[in-house]
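A short write-up of the structure that comes next.
The values are calculated or read from the model by the stated rules, or taken from the named source; none is laboratory data. These numbers come from a predicted model, not from an experiment. Note: ideal-geometry Cβ built from the backbone for every residue, glycine included; neighbour counts use all protein chains shown.
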Amino acid sequence: MKKVRGIYIKNSAEIALMREANRIVSVVLDALGEAVAPGVPTMRFEEIAQDMCRQFGVQPAFQGYGGFPYALCCSVNEEVVHGFPSRERILREGDVVSFDMGVVYERFYGDSARTFAVGTVSDAARDLLDATRESLHRGIAQAQPGNNLYDVSRAVQEFVEARGYSVVRRFVGHGIGRKLHEKPEVPNFVPSGMAGPVLKPGMVLAIEPMVCAGTCEVEILEDKWTAVTKDRKLSAHFEHTVAVTHEGPVVLSVS
Ligand code: MG
Ligand code: MG
């Protein structure tokens, strides 16, 4: 595979495989969203994700990645990312729950995330989810050939901060392909003093704003994985895998 500044350029056949990997992720996320309700233990979503991976004949991408124990990252309320599914954690009315899912199909990775409301949530929680989803779409719109990568970052950051929220610095989006995490890093903020790469057709990016109601500072719990907001205020996470093409950005992680 060709590389530009260390970033793999995928051909159309490779992008077609990535489209299928990501379509499967999207179908899993659809099913997880359907199952969200008060009273459901979060381990139930892990079971659904595992079952669906078996049915599709794909490997869960996260299980075993760096030692992560589950197929699904399941993060509730103040948990930002990398939460563990649990039999003890029961969803309650008013919670928000983020699912981050990845699979490997024909050696290519899919990666996408969505945050769902559990039953009726506060206006503040609803607004945070809406703003985070919209910031992702603002970022995706900038994933154009000839744009700078940080045009994506800037679009996310400016939208989020204008709404009075903050973007997480500690975790970022990424290139994706035959590896889950490839170059380049895709920050949700504009790094100071750095020139980002120019986007070219064939680059594939996982764009994934992690947005907090309060501080953007996070800390890691004793399980060594679960990232929570330092002030324990709500956080939301939406992610799409997006191909940069001659025709503009193409979202691959759709059903
Ligand atoms: Mg992800
Ligand atoms: Mg990702």
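Taken over the stretch 119-177, the criterion of being buried (at least 16 other Cβ atoms within 10 Å of the Cβ), of a type in the set (Gly, Ala, Ser) and in contact with a strand residue (DSSP E or B) (Cβ under 8 Å, 6 or more places away or on another chain) is satisfied by 125, 131, 135, 139, 143, 153, 166, 173, 175, 177. Screening residue 97 with (1) over 20 Å from residue 178 (Cβ atoms); (2) outside any helix (DSSP H, G or I); (3) within 16 Å of ligand 2 (Cβ to nearest atom) gives one miss only, at (3).
Quick grid of which residues meet (1) in contact (Cβ under 8 Å) with a residue 40 or more places away in the chain; (2) under 30 Å from residue 20 (Cα atoms); (3) hydroxyl-bearing (Ser, Thr, Tyr):
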{"position": "166", "(1), (2), (3)": "yes, no, yes"}
{"position": "206", "(1), (2), (3)": "yes, yes, no"}
{"position": "224", "(1), (2), (3)": "no, no, no"}
{"position": "229", "(1), (2), (3)": "yes, no, yes"}
{"position": "234", "(1), (2), (3)": "yes, no, no"}
{"position": "249", "(1), (2), (3)": "yes, yes, no"}
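Of the residues making up the stretch 86-104, those that are within 16 Å of ligand 1 (Cβ to nearest atom) and of a type in the set (A, V, I, L, M) number 4. Please determine whether any residue of the stretch 205-212 is among the hydrophobic types (A, V, I, L, M, F, W, C) and assigned to a loop (DSSP other than H, G, I, E, B). No, the conditions are met nowhere in the stretch 205-212. Which one of 179, 200 is at pLDDT 95 or above, away from ligand 2 (no atom under 16 Å from the Cβ) and in a loop (DSSP other than H, G, I, E, B)? Checking each option against the conditions leaves just 200.
Of the residues screened, residue 242 is one that is within 16 Å of ligand 1 (Cβ to nearest atom), assigned to a strand (DSSP E or B) and in contact (Cβ under 8 Å) with a residue 60 or more places away in the chain.
To keep it simple, each residue is scored yes or no on (1) of a type outside the set (Gly, Ala, Ser); (2) assigned to a loop (DSSP other than H, G, I, E, B); (3) touching a His at 6+ places or on another chain (Cβ under 6 Å).
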| residue | (1), (2), (3) |
| --- | --- |
| 8 | yes, no, no |
| 13 | no, no, no |
| 19 | yes, no, no |
| 32 | yes, no, no |
| 38 | yes, yes, no |
| 49 | no, no, no |
| 66 | no, no, no |
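Scan the stretch 107-134 for residues that are over 13 Å from the mean Cα position of the chain (by Cα), touching a residue at least 12 places away in the same chain (Cβ under 8 Å) and assigned to a helix (DSSP H, G or I) and the total you get is 7. All conditions but one from (1) away from ligand 1 (no atom under 16 Å from the Cβ); (2) part of a loop (DSSP other than H, G, I, E, B) apply to residue 137; the one that does not is (2).
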